[in-house]
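Have a look at the structure below before the remarks.
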Amino acid sequence: MSDGSGVLGGSGLSGRYGDDLDRRLAEATGWPVLVENDATAAAVGEYWVARVEATRPFAALYMGSGIGAGIVLDGVALRGRHANAGEFGHLCLQVDGPACWCGSRGCLEALAGPQVVVEAALADPVAAGEAGLERAARRSTIADFAAVARAARAGAPGCRALLEESARYVAAAAESVVNLLDVDLLVLTGPGFAAASFVYGPAITDRIAAASARTWRRSVSVTVSLAAATASATGAAALVLQSSLRG
């Protein structure tokens, strides 16, 4: 995403378009430009909006057209060498699973991402009817996924089953994030979770709770961002402000 003095977000943008993307855009527009992963921007937005304690590490699990995560440790967003830290959607959950667009196989996004849910709904006449989806009248993945979520919330069993299947995988990946990072706060954010957290939130909580009670003696909070649909924009604004203050 990009605006007048903004942040352009998207998974792996630096790798796909060159490490000088910000410079090239700044030259073309005449505006200062920051390049940031949308999930990381969402995590930064959550840090400021929800006023998370600076010393409390957390992960913001982000669902838009794909799945990602932003990680904040001691008040600082973890970016990694190529600003791709938090590629939650590319945790491998099935060694010989379906091919993913990233080039690997069995990634969470390839097994249970929003696009997978939408395609499954379109392939199922019952679920497609419940959500009002037609292949000839496709909208964006985000809009079609939201239609499935609305139908599921209204009691449509076909759409509910598709979300629950997806949530099983997302919950398993979320548990791996908690185990790897030792965080006790997961925030669900992005338009996908804004629409379907009523399925994904309980699935993640239930998955984590069993081992937490039996083995790790921890208490992990799973919350939904109050600004889930606009978290990336909020974080982008914060990042621009931070950059301006540093400058």
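The values are calculated or read from the model by the stated rules, or taken from the named source; none is laboratory data. What you are looking at is a predicted structure, and each value in this text was computed from that prediction instead of being measured. Positions of Cβ are generated from backbone atoms using ideal geometry, with glycine treated the same way; all protein chains shown enter the neighbour counts. Heavy atoms of the whole protein, side chains included, go into the accessibility calculation; ligands, DNA and RNA do not. Shrake-Rupley method; radii C 1.70, N 1.55, O 1.52, S 1.80 Å.
For L226, the requirement of being part of a loop (DSSP other than H, G, I, E, B) and in contact (Cβ under 8 Å) with a residue 12 or more places away in the chain is met.
Give region 134-166 a look and list any residue that's polar (S, T, N, Q) and assigned to a helix (DSSP H, G or I), or say none.
Result: T141, S166.
Restricting the first member to region 72-91 and to residues that are surrounded by fewer than 15 Cβ atoms within 10 Å (Cβ to Cβ), and the second to residues that are of a type in the set (S, T, N, Q) and in a loop (DSSP other than H, G, I, E, B), the beta-carbon pairs closer than 9 Å and six or more apart or on different chains are D74/T55; G75/T55. Please pick out the residue among A120, A99 that is at pLDDT 95 or above and over 30 Å from D20 (Cα atoms). Being at pLDDT 95 or above and over 30 Å from D20 (Cα atoms) holds for just one of A120, A99, which is A120.
Considering only residues in region 198-240 that are hydroxyl-bearing (S, T, Y) and surrounded by 23 or more Cβ atoms within 10 Å (Cβ to Cβ), the one that is modelled with the lowest pLDDT turns out to be S232. Checked against (1) under 18 Å from the mean Cα position of the chain (by Cα); (2) modelled with pLDDT of 95 or more; (3) not in a helix (DSSP H, G or I), V187 passes all but condition (2).
Looking across region 92-123, the residues that are part of a helix (DSSP H, G or I), of a type in the set (G, A, S) and open to solvent by less than 50 Å² (accessible area, probe 1.4 Å) come down to A110, A112, A120, A121. Only residues that are hydrophobic (A, V, I, L, M, F, W, C), assigned to a loop (DSSP other than H, G, I, E, B) and under 20 Å from A173 (Cβ atoms) were counted in region 59-88, giving 1. Within region 150-159, restricting attention to residues that are over 12 Å from A128 (Cα atoms) and open to solvent by 80 Å² or more (accessible area, probe 1.4 Å), which residue is farthest from the chain's Cα centre (by Cα)? Here the residue is A154.
Please pick out the residue among E119, E109 that is out of contact with any Leu (no Cβ under 8 Å at 6 or more places or on another chain), under 24 Å from L91 (Cβ atoms) and either aromatic (F, W, Y) or free of Cβ contacts under 8 Å to residues at least 40 places away in the same chain (or both).
Selected residue: E119, the only one of E119, E109 that is out of contact with any Leu (no Cβ under 8 Å at 6 or more places or on another chain), under 24 Å from L91 (Cβ atoms) and either aromatic (F, W, Y) or free of Cβ contacts under 8 Å to residues at least 40 places away in the same chain (or both).
Can you find a residue that is surrounded by fewer than 23 Cβ atoms within 10 Å (Cβ to Cβ), among the polar types (S, T, N, Q) and closer than 20 Å to A77 by Cβ anywhere in region 178-191? For region 178-191, residues surrounded by fewer than 23 Cβ atoms within 10 Å (Cβ to Cβ), among the polar types (S, T, N, Q) and closer than 20 Å to A77 by Cβ: absent.
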